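**Student:** What follows is a single structure, and I will ask about it in a moment.
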Amino acid sequence: MELHALIKLTTIGCLSGFMTATAIASPPPVLTDDPNEQTHEFSLGEQFVLPVPHEAMMEHDAAVEGMVVSDGPSANVTKNLALSGHGVRLQADATTDVWALGNYAYTGTFNNPCGGEENAGIFIWDVRNRNNVSQAGFIPSPEGSRTNDVKVASLNSGDILVHSNESCGGGPGGFEVYNVNDPANPEHLAHVQVDEIANITPLFWDPGTLEDNGVHNLWLFSQGSNDYVAAQSEGVFDGFQVFDITDPANPSLVSGWGAEEIFDPGVGDLVLADDPTGGRTLASINWMFGGFGASQNRFLHDFTITADGLTAYLAHWDAGLIRLDISDVASPQLTSVAIDPTSEDGEVNSHSVWPNADGSIVVEGEEDFSPFESQFSIDSGPNAGIFASAEGAITTPIANQPDGAMSGPTTYVGLACTSDSVPVGTGIALIQRGVCAFTTKGNNVIGAGYSGMVVFNDAARGDALVTMGGVDITIPGVFVGHSTGLSIMDVASAGDLVVGDSGADVTAAVVPNGWSGIRIWDYSDPANPVLASTFNTVCSANPVDDSCDPRGTYSSHNVQVEDNKAYISWYTDGLLVVDVSDPYNPVETARYHRSGADFEAENGGIQDIWGIYKVEDEPWIYASERNGGLVVLKEYGSGSAKKAKQ
C-alpha cells in the first residue's frame, strides 16, 4: 500500500484513522477523536499531524457507460508478455518505483528498511544481459528517510539521477541529485530542500513547520540548454514545484503551482497585507482538504511531462487530472481540468497519468485500497431506505459480524454520556452526538446491554458525517446525519425525541464496491477533455470474485503509454498492456500475472507489482515487485520483438 508522508497543520483535535465511505451521495465524512467531538475544521489552535487521506471510496457503479472489465487477453492471443530476468531482492514490501536508462535500471526502497538501516536506498541493476540481471551499485537513503521515487535521464549536463525523500524516521524531505555517468559509481551533487512557497506561515503555522516538505514523485526534463526537475511537494500550496538543475550541483527554485489556483486564482501569491485576516488563504486550505466521497483531499500525487518539456499532466487526487502549459517554466498556466466524479467508484483519486505521443489520448490511473463500503438502511417504518453513513474508527468492524452486518431494532438513548442515563435494553442504541466522547457513549450503551450503536449528528452540524475516533470499544457502530437519526425515530425534530422510545429496525452492512481502475480521456480538444471510457480487471471491479486472492491488492497503480498502448502496474493483478488506440473501446492485449506457492517462494511473497518502465521503441519492460525486486519482461506481438537489441 502506498502512503503519503505526513503534513503538519493546525486545527482542533487530532485524527485516528482513515475516512469510511458513504453509500449514497452525501457530504463526505471527516475524522475526529476529540473528546468534545469537534468536526475537522481549521482554526488557529494547537498543532497536530494530519495524514493525507489516501484510502476509502464510495459505491462502485459497474453499469457506468463506457466501462470495460477485462479478464485478460482473448484466447486467440499467443503468449505475448514473458519473464526474461529477475533482479532478486526478497524483502516484503520493500521495493518502490523503477526507472531505467541505457543498460541500467534503478529501484527504490519504502519505509522498512528506513534510511540508515541495511539495504535502504536505490538499487542499481545491470540489465545488459536481461536474462541474467545483477546488482551493479547502491545509493543509500538519507538517515531516517525513504526513497519512494527515482528518475534518471540523459540531460545537457550528463546522466542525472534524482530520488525523492520522505521521512520514515525523522529524516529529511526534498530530493537528492546524482551524476550517474558511471552507474556503478554514482556521484552525489546536491541535496535540495523543498519548502512551502506561499507566505501563509505567519497566520497558520509556527515558523519552520512548512519547511523541508517530503517529496513523493519527481520528473526530469529539458527545455533547450536548460535542465529541470519537477517535484511533488507534500506541503499545502504549490504542490508542483520546478527547479533548474542546469548546474546540477546548484539547483534553484524556478516556480510553483497548485490546485488551490483552481479554487481561488492568485491565492498562492498573497502576502499578509493582501489577506490580513487569512480568510482567502484559509478558505483555500479547507478546499484542498475537501473532495469527493470519503477520500477527501486535492493534493498533487504524480505527474508526467511531455518529451518536449512544454506540457505537464498532473494527477491531482480529488482536484482531477490537470493539464499545464509550462512553455514558460517560470509561469505555469492552466489549460484544462479533466474530472468526472460519477465515473469509477464515485471518487476521483487521480493517482497516475500519461499521455500518448500527440496528446490526443491520456490515461489516468485511480488508486484505492478500500474495496468494501459501509451501507446503512432503515428497514422498517415509513422512512425505509438507504442513507449515508460512516463506520466508526473505534468500533468493532462490521465486516467481522455474522453475515457482515449489524442489524436489529433501535432504542433512543439520548446523549449516553453517563451510565445511569442509558435505559437498559438490547439491540442497537441510537445516540445523539455531543457533550462527551464517542468512547464514553459506546461503553455506556455496552454496559446497558446493547450490541451495536448508531450515533447521529446534532442539529447544528446537520448531515455532515464523521468517523468516530478515540479508544476502541467492543461493539459495531456507524455515524449518520441528523436527519437520518430523526427518520429512524420518525419525528420532526430533536425536541420530539424521548429517551427509551423504540425506533425502526436498521441494518449497517459491509458490501463490495470494487478497487479502482483507469480512466481513458479523449484530449482531441486539450481545453475540453472528454471521458471516453474506464477500464477494470475482474478483481478490481469485483473484490469477491472467486478468481481473486483475498490477500491481494487489486487497485491500478502506475501507467506509461507508448504507441497508444498503456502499460499498467496493477499490484496483485500484475502488469497489464491495454490497447487504447480507440479510447472508447480499450482492449487488453497482454498480462504478466503469476501466483502459487512456487512463485511466492521465488518472489518473496504474493505478486505485488508497483512500478513500471517501458523502454522506448524496444520490447523490454521493467517492473518493480514490492516483495521480489526488479522484474524484466519482454513483449511479443505487433512487431515489438523485432526492435529488440540483443
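**Student:** So the check is Cβ under 8 Å with 6+ separation or different chains; which pairs have a first residue in region 615-631 that's in contact (Cβ under 8 Å) with a residue 60 or more places away in the chain and under 15 Å from residue 573 (Cβ atoms) and a second one that's aromatic (Phe, Trp, Tyr) and not in a strand (DSSP E or B)?
**Tutor:** Hits for this filter: 626/110.
**Student:** Now for a separate question. Residues that are among the small types (Gly, Ala, Ser), at least 3 per element: which strands (runs of 3 or more DSSP E) completely within region 359-432 meet that? Outline the logic, then answer.
**Tutor:** On the way: elements: 361-366, 372-378, 385-387, 389-391, 405-412, 428-432.
Filter on region 359-432 gives 405-412.
**Student:** Just to confirm my filter: which strands (runs of 3 or more DSSP E) fall fully inside region 79-137 and include at least 3 residues that are not hydroxyl-bearing (Ser, Thr, Tyr)? Full working, then the answer.
**Tutor:** Details: elements: 81-88, 95-101, 104-109, 121-126.
In region 79-137, 81-88, 95-101, 121-126 are the strands (runs of 3 or more DSSP E) which contain 3 or more residues that are not hydroxyl-bearing (Ser, Thr, Tyr).
**Student:** Can you pull out every residue in region 375-409 that is aromatic (Phe, Trp, Tyr) and within 18 Å of residue 450 (Cβ to Cβ)? Write out each step before concluding.
**Tutor:** To start, the set of residues in region 375-409 that are aromatic (Phe, Trp, Tyr) comprises 376, 387.
376, the sole residue that qualifies.
**Student:** Could you check residue 537 against (1) among the hydroxyl-bearing types (Ser, Thr, Tyr); (2) touching an Asp or Glu at 6+ places or on another chain (Cβ under 6 Å); (3) farther than 15 Å from residue 72 by Cα and say which number it fails?
**Tutor:** Here residue 537 meets the rest and fails (3).
**Student:** Looking at region 328-354 only, could you name the residues that are part of a strand (DSSP E or B), surrounded by fewer than 21 Cβ atoms within 10 Å (Cβ to Cβ) and of a type outside the set (A, V, I, L, M)?
**Tutor:** Our first condition is that a residue be part of a strand (DSSP E or B); within region 328-354, this holds for 333-338, 350-354.
Pick out the ones that are also surrounded by fewer than 21 Cβ atoms within 10 Å (Cβ to Cβ) and you get 333-337.
Selection gives 333, 335, 336.
**Student:** Next question, about the same structure. Just checking, how many residues over region 618-628 are surrounded by 24 or more Cβ atoms within 10 Å (Cβ to Cβ) and of a type in the set (Asp, Glu)?
**Tutor:** Of the residues in that region, 1 qualify.
**Student:** From the list 396, 410, which one is among the hydroxyl-bearing types (Ser, Thr, Tyr) and at pLDDT 95 or above? Give the derivation first.
**Tutor:** Working: 396 fails: at pLDDT 95 or above.
Within the list 396, 410, the selection yields 410.
**Student:** Go through 573, 582, 525, 546 for me and flag whichever is in a loop (DSSP other than H, G, I, E, B), crowded, with 24+ Cβ neighbours inside 10 Å and acidic (Asp, Glu).
**Tutor:** Working: 582 fails: crowded, with 24+ Cβ neighbours inside 10 Å; 525 fails: crowded, with 24+ Cβ neighbours inside 10 Å; 546 fails: crowded, with 24+ Cβ neighbours inside 10 Å.
Step by step, each of 573, 582, 525, 546 is checked, and only 573 is in a loop (DSSP other than H, G, I, E, B), crowded, with 24+ Cβ neighbours inside 10 Å and acidic (Asp, Glu).
**Student:** Scan 615, 631 and give me the residue that is crowded, with 17+ Cβ neighbours inside 10 Å and touching an Asp or Glu at 6+ places or on another chain (Cβ under 6 Å).
**Tutor:** Values: 615 fails: touching an Asp or Glu at 6+ places or on another chain (Cβ under 6 Å).
Within the list 615, 631, the selection yields 631.
**Student:** If a residue has to be buried (at least 21 other Cβ atoms within 10 Å of the Cβ) and over 18 Å from the mean Cα position of the chain (by Cα) to count, how many in region 554-564 make the cut?
**Tutor:** So in region 554-564, the residues buried (at least 21 other Cβ atoms within 10 Å of the Cβ) come out as 554-559, 561.
Filter once more, keeping what is over 18 Å from the mean Cα position of the chain (by Cα): 561.
Qualifying residue count for the region: 1.
**Student:** Applying the selection to region 242-289, what residues are of a type in the set (Val, Ile, Thr) and surrounded by 13 or more Cβ atoms within 10 Å (Cβ to Cβ)? Before the answer, list the steps.
**Tutor:** Residues of region 242-289 that are of a type in the set (Val, Ile, Thr), as a first pass: 242, 245-246, 254, 262, 267, 271, 277, 281, 285.
Selection gives 242, 245, 246, 254, 262, 267, 281, 285.
**Student:** Checking residue 632 against (1) closer than 27 Å to residue 522 by Cα; (2) in a strand (DSSP E or B): exactly one of these is not met. Which one?
**Tutor:** Residue 632 satisfies all of (1) closer than 27 Å to residue 522 by Cα; (2) in a strand (DSSP E or B) except (1).
A quick yes/no check of all residues on (1) within 25 Å of residue 305 (Cα to Cα); (2) outside the structural domain of residue 367 (by TED's automatic domain parsing); (3) of a type outside the set (Asp, Glu):
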site: 564; (1), (2), (3): yes, no, yes
site: 567; (1), (2), (3): yes, no, yes
site: 600; (1), (2), (3): no, no, no
site: 628; (1), (2), (3): no, no, yes
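**Student:** Separate question: Does at least one position in region 403-425 carry a residue that is buried (at least 24 other Cβ atoms within 10 Å of the Cβ) and under 33 Å from the mean Cα position of the chain (by Cα)?
**Tutor:** There is at least one residue in region 403-425 that is buried (at least 24 other Cβ atoms within 10 Å of the Cβ) and under 33 Å from the mean Cα position of the chain (by Cα).
**Student:** Of the numbered conditions (1) modelled with pLDDT of 95 or more; (2) farther than 26 Å from residue 371 by Cβ; (3) touching a Lys or Arg at 6+ places or on another chain (Cβ under 9 Å), residue 448 fails exactly one; give the number of that condition.
**Tutor:** It fails just one condition, (3).
**Student:** From the set of residues in region 66-78 that are assigned to a loop (DSSP other than H, G, I, E, B) and more than 18 Å from residue 574 (Cβ to Cβ), which is modelled with the highest pLDDT?
**Tutor:** Filtering region 66-78 down to residues assigned to a loop (DSSP other than H, G, I, E, B) leaves 66, 71-78.
Cutting the leftovers down to more than 18 Å from residue 574 (Cβ to Cβ) gives us 66, 75-76.
Details: 66: 68, 75: 46, 76: 47.
Ranking the candidates gives 66 first.
**Student:** Another question, if that's okay. Would you call residue 223 within 25 Å of the chain's Cα centre (by Cα) and surrounded by fewer than 21 Cβ atoms within 10 Å (Cβ to Cβ)?
**Tutor:** No.
The values are calculated or read from the model by the stated rules, or taken from the named source; none is laboratory data. Bear in mind the structure is a predicted one, so any value in this text is a computation, not a measurement. A quick note on method: Cβ atoms are made from the backbone with ideal geometry, for glycine too, and the neighbour counts reach across all protein chains shown.
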